[in-house]
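Beneath this line is the structure, given in structure tokens, with notes to follow.
Any read-out appearing in this document is the output of simple, stated calculations on the displayed coordinates, not a laboratory observation. Here the structure is a predicted model, which is why all the values come from computation and not from measurement. Cβ placement follows ideal geometry from the backbone for every residue including glycine, while neighbour counts extend to all protein chains displayed.
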Amino acid sequence: MQAIVVTAFDRPPEWQDIEDPRPNEGEVVVRMIAAALHPRVRSQASGSHYTSEGVLPLVPGVDGVARFPDGTTRYVAIGSDVRGSFAERVAVDPRASVVLPDGADPAEVAAAVNPVMSSWVALRRRITMPADATVLVLGATGIAGGSAVRVAKRLGAAHVVASGRNPERLAALAGYGADETIPLADTARIGETAAEADVVLDYLWGVPAADTMRAIVTARRDRAARLDWVSIGSSAGAESPIPSAALRASGLTVVGSGQGSVGRSAFVAELPSIVEAIADGLTVPVRTVGAEDVASAWTDADAATRTVFTF
Ligand SMILES: NC(=O)c1ccc[n+]([C@@H]2O[C@H](COP(=O)([O-])OP(=O)(O)OC[C@H]3O[C@@H](n4cnc5c(N)ncnc54)[C@H](OP(=O)(O)O)[C@@H]3O)[C@@H](O)[C@H]2O)c1
């Protein structure tokens, strides 16, 4: 069978022949239909993800939609770092799968679960979002950040402030539930507007996280009021110069949400609701590409759409 294979961490993967999967106990072999090239998959393929064990060759891909032996079409999350979803056939644990609702498009589901899940599990599993919360999304112009605006509203936020770099994509978020959109460079305005925020969903980290933290804490009327800052992504930098005073002088609490901090069983428990929300319209922009065209698709990806390989 054929698969997308990484043979060197500094080169794009190639479409190659590999051995058929050998299922472990409890696994079944499924026929992949669609799997998306998320930032998480790029870091897996470059060996830079925090879970990477540096083993090569590897088949990338953390999830996708597949035809199961019982004839059902399901979303499935993959547990292995080296035998991922970018293959014609994959051994999977059926306990980490969800049957697609009638009419759900496999490519749309494959594209959307990872970005939608990022804020969904953060809000449901890493913090307790107060009723009628004000939520700030930092990095809302990315695909996961854009989804977070909609997820926060769907899960009960009363007021969502969106901030990011790209002006067109930022403006478009007003049509997806953002009550206010503020350019990332306007730190002072973010501080004033989100001064009483209850939750920050942070896809950027790096310098923007530290600057925004300082601005919000300084502008807060009730310094001791709780502010849950959830680090979800690091598009602006893996490290952040967080001021100690921001933590000492306020109710600021910093937590992370991702693979490791959210246990597999908690993640799997949220999957049916996430897939249902996607089938209900919580989708992201998709471009589909045949898996055999991986070499060109890997380098010409467009930031506004999520690339989905079809098998
Ligand atoms: N923890 C989880 O469960 C989880 C799940 C999914 C994703 N993530 C992480 O979340 C992050 C975003 O994912 P995504 O799917 O939204 O990726 P994406 O669609 O590629 O978006 C990334 C966005 O980051 C922005 N960006 C890049 N460098 C920046 C900088 N220096 N300053 C400010 N903005 C910058 C860009 O915004 P502009 O277009 O405005 O320039 C870009 O659109 C990634 O780190 C990803 O690994 C985490």
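Just a few scattered comments:
- Identity of the residue in region 143-177, more than 11 Å from the ligand (Cβ to nearest atom), of a type in the set (A, V, I, L, M) and touching a residue at least 40 places away in the same chain (Cβ under 8 Å), that ends up surrounded by the fewest Cβ atoms within 10 Å (Cβ to Cβ): Ala157
- Just one of the listed residues (Gly237, Gly256) is in contact (Cβ under 8 Å) with a residue 24 or more places away in the chain and at positive phi, and it is Gly237.
- Every residue from region 272-286 that is touching a strand residue (DSSP E or B) at 6+ places or on another chain (Cβ under 6 Å) and surrounded by 16 or more Cβ atoms within 10 Å (Cβ to Cβ): Val275, Val284, Val286
- Among the candidates Ala87, Ala36, the residue that is more than 15 Å from the ligand (Cβ to nearest atom) and in contact with a strand residue (DSSP E or B) (Cβ under 6 Å, 6 or more places away or on another chain) is uniquely Ala87.
- Identity of the residue in region 183-230, under 21 Å from the mean Cα position of the chain (by Cα), free of Cβ contacts under 8 Å to residues at least 40 places away in the same chain and in a strand (DSSP E or B), that ends up surrounded by the fewest Cβ atoms within 10 Å (Cβ to Cβ): Trp205
- Apart from one condition, Ala269 fits all of (1) within 14 Å of the ligand (Cβ to nearest atom); (2) surrounded by fewer than 16 Cβ atoms within 10 Å (Cβ to Cβ); (3) not acidic (Asp, Glu); the exception is (1).
- The set of residues from region 37-84 being touching a helix residue (DSSP H, G or I) at 6+ places or on another chain (Cβ under 9 Å), farther than 21 Å from Gln2 by Cα and hydroxyl-bearing (Ser, Thr, Tyr) comprises Ser48, Tyr50, Thr51, Ser52.
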